[in-house]
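These notes concern the structure reproduced below.
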Amino acid sequence: MVATKLSRMLARPDQQFFVADDDGRVVGWLHAAVAEFVEVDAFVVVGGLVVDEHHRRTGLGRLLMRRAEDWARTQGCSIVRLWSSVGRTAAHAFYEDLGYTKIKTQHSFVKSLDAADDDLKRFVPRVSE
């Protein structure tokens, strides 16, 4: 299922994945996508950034973010946005150290339109700092 979704996303020009490896083993990845809404110009959103716990604080996350920012520029976007769960204080410090500004605190809502699909858990982030 993930492989199918990933190959579909990789075929789209408005989606980008950056992968970091250590001797062929994936130790980090970042998913970026162009988003466009009526009230703002197109921007890039970081949909996910994951760095293996043994490779954190090595500059890998910083490198992946820089790659996403460079890609955003090639897409004609001057803004990169991301969302981070309120409890991820170390991640917040990381993003602020990269020059990102916290612009708001908000609630996130989700509703399943399939009565048989009770798996809303996939929208709740797994937090590990």
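The values are calculated or read from the model by the stated rules, or taken from the named source; none is laboratory data. Note that this is a predicted model, so its numbers are computed, not measured. Here the Cβ is made from the backbone with ideal geometry for all residues, glycine too, and neighbour counts use every protein chain on show.
Assorted remarks:
- Residues of the range 81-117 that turn out to be loosely packed, with under 10 Cβ neighbours inside 10 Å and in a loop (DSSP other than H, G, I, E, B), as a count: 18
- For VAL38: the one exception among (1) over 19 Å from GLY99 (Cβ atoms); (2) surrounded by 13 or more Cβ atoms within 10 Å (Cβ to Cβ); (3) out of contact with any Asp or Glu (no Cβ under 8 Å at 6 or more places or on another chain): (2)
- Which numbered condition HIS54 fails, given (1) under 15 Å from GLY99 (Cα atoms); (2) at pLDDT below 95: (1)
- Residue in the range 20-32 that is under 28 Å from HIS107 (Cα atoms) and either of a type in the set (Val, Ile, Thr) or loosely packed, with under 13 Cβ neighbours inside 10 Å (or both) present: no
- Pairs with Cβ under 8 Å, 6+ apart, first in the range 2-22 and within 24 Å of GLY76 (Cβ to Cβ) and in contact (Cβ under 8 Å) with a residue 40 or more places away in the chain, second among the β-branched types (Val, Ile, Thr) and loosely packed, with under 13 Cβ neighbours inside 10 Å: none
- Within the range 3-39, the set of residues being under 14 Å from ASP52 (Cβ atoms) and not β-branched (Val, Ile, Thr) comprises ALA20, ASP21, ASP22, ASP23, GLY24, ARG25, GLY28, TRP29, LEU30.
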